[in-house]
Amino acid sequence: MIDRIPQIAAAIVLPLAGLLGYIFVAEWLVGRTPARMRPRLRPWLWVGPALAFVGFFLVAPTIETIWLSFKNATSEAFVGVDNYVAIASDAGVVIAIRNNVLWIVLFTGAVLLAGLLIAILADRVPYESPAKSFIFLPQAMSFVAAGVIWKFMYAYQPPGIEQTGTLNAIVTTFGGEPHPWLIEPGNNVALIAVAVWAWAGFATVILSAALKGIPIELLEASRVDGANELTVFRRITFPLLLPTITVVATTLIIFALKAFDVVYVMTGGNFDTDVIALRMYKELFNVRNFGRASATAVVLLIGIIPVLLFNLRRFRSQEAIR
Amino acid sequence: MDNRFVRKIVTLVVLSLVVGACQQAATPTSSGGKIGGTVSVLATWGGSEQESFLAMVKPFEDQTGVKIQYEGTRDLNAVLTTRVQGGNPPDVAGLPGPGQMAQFASSGKLIDLGNVLDMTAMKDQYPDAFLKLAQVNGKQVGIFIKAALKGPIWYSPKQFTAKSYTVPKTWDDLTALSNKIASSGTTPWCVGLEAAAASGWPGTDWIEDIVLRQSGPDAYDQWYQGKLKWTSTEIKKAWQTWGTIVADPKMVFGGKSTILTTNFGDSGTPMFSNPPKCYMHHQASFITDFFTKAVPGLKPGEDFAFFMTPDIDTKYAGAVTGSGDLFGMFKDTPQARALMKYLTTPEAQAIWVGRGGALSPNKKVTTYPDAISKQSADAMTAAKIFRFDASDLMPDAMNAAFWKAILDYVNDPSKLDSILANLDKVQADSYK
C-alpha cells in the first residue's frame, strides 16, 4: 500500500494541474484572437474538457457497446441481430425484466413513502437531526456490505435447530416456523427491502430539505382558514414537494434499473431473483460472451432512456419558469 | 488565481514523480540464492484452504526472499477474466478449470510452461492423465498443484456401529440403507449447495458420479463434449436417480430449504451432532478439512471415514471421478518461474497434503497424514476408469447453466423436463 502513495498522489494532482494548465493556455490563446471572436470562442474552450471527458468516457463506450452487440461472443464476426434474438427467446431474461419492473415499482414506492413519512414526522420533533442521521447511516455503507449483513439477518436453519438468522430467531421465538426468506417466492421483496433500508435516508434528507423550504406563512394561512392537517398536506405541502419528489423518484428508478450488488451478493440471481444488470455481468465475466453482454447492456440503456428524457424535459420546463 | 498555490501544486507533482521514479528503480536484482521481489497469486481459496496454501509457499518465501501476494476470490472466473482483459493479470493464478484454461491459452494469455518446468522430471512424477488435461495444442499451459477425489460418501464409523449399519457395496445397498435410516425417523443424508457465485456445484458432482457409474465413460465423455443431449435417457436417468435422494424430504436433513441455503462447507456438520441429524454426506476429499475445523477433536477413521459412491452398473465397476487445482502463469518473471517450479515439487505438495484436505497429483508424495487421506489417494490411483470432473471440462456457459439447473431442480423437481430442455438449448449454443 505504502508504495502506491506516490501514484495515488499523482492521480489526484496531475489531472488538477492539467486542468489548471489548460485554463491558462486556453485563456492565453483566446486573448490573442480578435476581440469580436472571443465571446464565441470562450464558451467552447471552457466547456471543452467536460465535453471531451463525457465523449471519451460515456459516448464512445456507448457507441462501442452498441457496435459490439451486433458481433459474436469474441467480437470477431458480425452476427446481425442474433444476440437480440437470443436474449428475447431466453426465459431467464423475461424473469429478469419482470424483476426489474418489480424493483422500479416496489423500491421507488417504498423509499418515497418511507422518506416522506420520516421527513414529515421528524419535522415535528425536537430530536430531528439525530433521528435523520440515524436513518441516513446505511446510505454511507457499500451495498455489498449491506447485502452481506442482511444475508445473516435472513439466514435459515431447519425447524428444531437454533436459528442463526435474526429474522428467523424472532419468528421462532414467537412460535412461528422458520422461513427461508431468500428462496421462497417473495424473495424479491426480501431483496428490495434491503435496498429500501439503505436508500430511505437519501429520500428523507432531500425531502426534508424541501419541506423546510415551504414558507411557513402558507401553512399558517391555510390553518387559519380552517384546514385540518390532512388537507394542509394534500393541498399545500404535497403539491409544493412534488418537483422534489419527481427528482428523487427518477434517481430511484434509475437505481432500480441498475440494481445489481444486493442481488449478486445475496442470491446470485438464483431462485427467480435475476435482474438485467446481473445477467449482463454473467454474460460478460462468467461466460465471456461479449456480444450478448453488450446486447443486454443496450436493452438496459433503452429501458433507462424514457426516464432520462422525462428528466431532461422537466429540467427544461424548470429553466423556462426561471 | 493565486500564483503561490499553483507553484505549490507544481512542486507536489514534481515531487511525487521523483518519488515514483525512485520506487521504480528499486526493483529487485538477484543476489546469491535470494531472488527477492514479489509474485502476485490469485486463486479461489479462502479460510483454512488459504492458510494451507500460504503454509505451502512459506519455505519458498524463506528460501528465495520472494514475497507472495495472495488474493483469494470465490468468483475466480470473473475476477481473473477482468484482470486479464484489463491488461493487469496476476503473475500466477489458479485457473477455474480446463475449459477456461483453453480459452486463455488460445488467446495467448498463458505462458507455455514447457521451458519453465523440467518436463522430463514432470513426466516422471505426474500421471500422464493429469499432464494431458493441462495441455492445449500440445503445450503445457497449466499444471495441477493439488488434486481431489470426487465421489466419497462420508459417514461416521462410530454411529454406523452403534446402529449396526453396514457400508453399502452396491447402489442398491445404498438405497436400501437410505430407506432403512429414513424409516427409523432420521434423515440419512446431509446436502448443502450454497457456494456464493458458484452455488449449485456440489450437485454437479453427484450427477457426474451417477452418469459415469450408470451409463459408462463413453456416455460421460460425449456428454461433457456436448455430443450427448441433456434430455437423452442416460442423463435424464442420472437426474432422476439423484432425485430419489434430494427430491425426497424424508431423505435429506431439513429438506429443500436447507439444501439450498446451506453452504457446502457447513453442510456435513449435522452428521456429528448428538444425536446425528444425518448419517451420510457426499463430497470430495477436501471436505475433511471442513469437518475438523467445524468440530474440533474429530478423529479420522473413528468419527469420520468414507466409502466410494458405489457402482451402479457392474459393467463400469471401479469408475471414479476426480478434479484438481490448475495453476497457470500470466507473466514471465523470474519470481513467477521460481514459484511455478516450486509448486510442482513433491516437497511443496507434501506440505498441503500433510495439513489435510488435499491430495497430491505428484506420485512422489506418499506422506499422507492419516489413513483417510491415504485411502483417498489410493482410490484415485486404483481407479479402473478415471474421469475428470465433467462440469469443469464444459464451456463456461454450460457449466454456469448446470449449476443453476441443480438449484432449480432441487427447488422444484417436477420441472425436470423443462430444466433439461433449457440445458439442451445452452448446449446447442455454447459448444462452438
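The values are calculated or read from the model by the stated rules, or taken from the named source; none is laboratory data. This is a predicted model, so every value here is computed, not measured. Please note: Cβ atoms are built from the backbone with ideal geometry, for glycine as well, and neighbour counts cover all protein chains shown.
Descriptive notes on the structure:
- When the stretch A:258-292 is filtered for residues that are within 21 Å of A:Tyr156 (Cα to Cα) and either small (Gly, Ala, Ser) or free of Cβ contacts under 8 Å to residues at least 60 places away in the same chain (or both), the ones remaining, listed by number, are A:Gly268, A:Gly269, A:Asn270.
- Scanning the stretch A:252-289 for residues that are among the polar types (S, T, N, Q) and either more than 9 Å from chain B (Cβ to nearest Cβ) or within 18 Å of the chain's Cα centre (by Cα) (or both) gives a single hit, A:Thr273.
- Residue within the stretch A:224-234 that is within 14 Å of chain B (Cβ to nearest Cβ) and of a type outside the set (Phe, Trp, Tyr) present: no
- Matching residues, the stretch A:174-191, being closer than 25 Å to B:Val252 by Cα and either in contact (Cβ under 8 Å) with a residue 60 or more places away in the chain or within 12 Å of chain B (Cβ to nearest Cβ) (or both): A:Glu177, A:Pro178, A:His179, A:Pro180, A:Trp181, A:Leu182, A:Ile183, A:Glu184, A:Pro185, A:Asn187
- The condition of being at pLDDT 95 or above and farther than 17 Å from A:Phe238 by Cβ holds for A:Ala110.
- B:Ala397 vs. criteria facing another protein chain (nearest Cβ under 10 Å), touching an Asp or Glu at 6+ places or on another chain (Cβ under 8 Å), surrounded by 15 or more Cβ atoms within 10 Å (Cβ to Cβ) and part of a helix (DSSP H, G or I): yes
- Out of A:Ala131, A:Ala86, A:Ala110, A:Ala114, sole residue that is in a helix (DSSP H, G or I) and either more than 15 Å from A:Trp197 (Cα to Cα) or outside the structural domain of A:Thr246 (by TED's automatic domain parsing) (or both): A:Ala86
A quick yes/no check of all residues on (1) within 11 Å of another protein chain (Cβ to nearest Cβ); (2) at pLDDT below 90; (3) closer than 30 Å to A:Val262 by Cα; (4) touching a strand residue (DSSP E or B) at 6+ places or on another chain (Cβ under 8 Å):
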| position | (1), (2), (3), (4) |
| --- | --- |
| A:Ala35 | no, yes, no, no |
| A:Ile63 | no, no, yes, no |
| A:Asp82 | yes, no, no, no |
| A:Ser89 | yes, yes, yes, no |
| A:Gly92 | yes, yes, yes, no |
| A:Ile95 | no, no, yes, no |
| A:Leu102 | no, no, yes, no |
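- Residue count, the stretch B:257-270 (criterion: surrounded by 24 or more Cβ atoms within 10 Å (Cβ to Cβ) and within 27 Å of B:Lys169 (Cα to Cα)): 3
- If you filter the stretch A:154-168 down to residues that are surrounded by fewer than 18 Cβ atoms within 10 Å (Cβ to Cβ) and not hydroxyl-bearing (Ser, Thr, Tyr), you find that the one that is farthest from the other protein chains (Cβ to nearest Cβ) is A:Glu162.
- Test: B:Ile153 is of a type in the set (A, V, I, L, M), surrounded by fewer than 24 Cβ atoms within 10 Å (Cβ to Cβ) and in a strand (DSSP E or B): yes
- Criterion violated by A:Ala73 - all others in (1) assigned to a helix (DSSP H, G or I); (2) surrounded by 13 or more Cβ atoms within 10 Å (Cβ to Cβ) satisfied: (1)
- Residue count for the stretch B:402-421 under the criterion of being part of a helix (DSSP H, G or I), within 11 Å of chain A (Cβ to nearest Cβ) and out of contact with any helix residue (DSSP H, G or I) (no Cβ under 7 Å at 6 or more places or on another chain): the result is 3.
- Residues located in the stretch A:246-286, provided they are part of a helix (DSSP H, G or I), polar (S, T, N, Q) and at pLDDT 90 or above: A:Thr246, A:Thr250, A:Thr251
- Given (1) away from chain A (no Cβ under 14 Å); (2) more than 18 Å from B:Thr345 (Cβ to Cβ); (3) part of a strand (DSSP E or B); (4) not small (Gly, Ala, Ser), number of the condition B:Gln69 does not satisfy: (1)
Rundown of residues vs (1) surrounded by fewer than 11 Cβ atoms within 10 Å (Cβ to Cβ); (2) hydrophobic (A, V, I, L, M, F, W, C); (3) not assigned by TED's automatic domain parsing to the domain that holds A:Ala297, yes/no style:
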{"position": "A:Ala11", "(1), (2), (3)": "no, yes, yes"}
{"position": "A:Leu14", "(1), (2), (3)": "no, yes, yes"}
{"position": "A:Gly31", "(1), (2), (3)": "yes, no, yes"}
{"position": "A:Ala35", "(1), (2), (3)": "yes, yes, yes"}
{"position": "A:Pro39", "(1), (2), (3)": "yes, no, yes"}
{"position": "A:Ala50", "(1), (2), (3)": "yes, yes, yes"}
{"position": "A:Phe56", "(1), (2), (3)": "yes, yes, yes"}
{"position": "A:Val59", "(1), (2), (3)": "no, yes, yes"}
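- Filtered residues of the stretch B:156-191 (kept if surrounded by fewer than 20 Cβ atoms within 10 Å (Cβ to Cβ) and of a type in the set (Val, Ile, Thr)): B:Thr161, B:Thr166, B:Val167, B:Thr170, B:Thr175, B:Thr186
- Condition check for A:Val171: touching a His at 6+ places or on another chain (Cβ under 8 Å), within 14 Å of chain B (Cβ to nearest Cβ) and aliphatic (A, V, I, L, M): yes
- Helices (runs of 4 or more DSSP H) lying entirely in the stretch B:252-353 (those with 3 or more residues that are in contact (Cβ under 8 Å) with a residue 60 or more places away in the chain, out of contact with any helix residue (DSSP H, G or I) (no Cβ under 9 Å at 6 or more places or on another chain) and outside the structural domain of B:Ala195 (by TED's automatic domain parsing)): B:334-343
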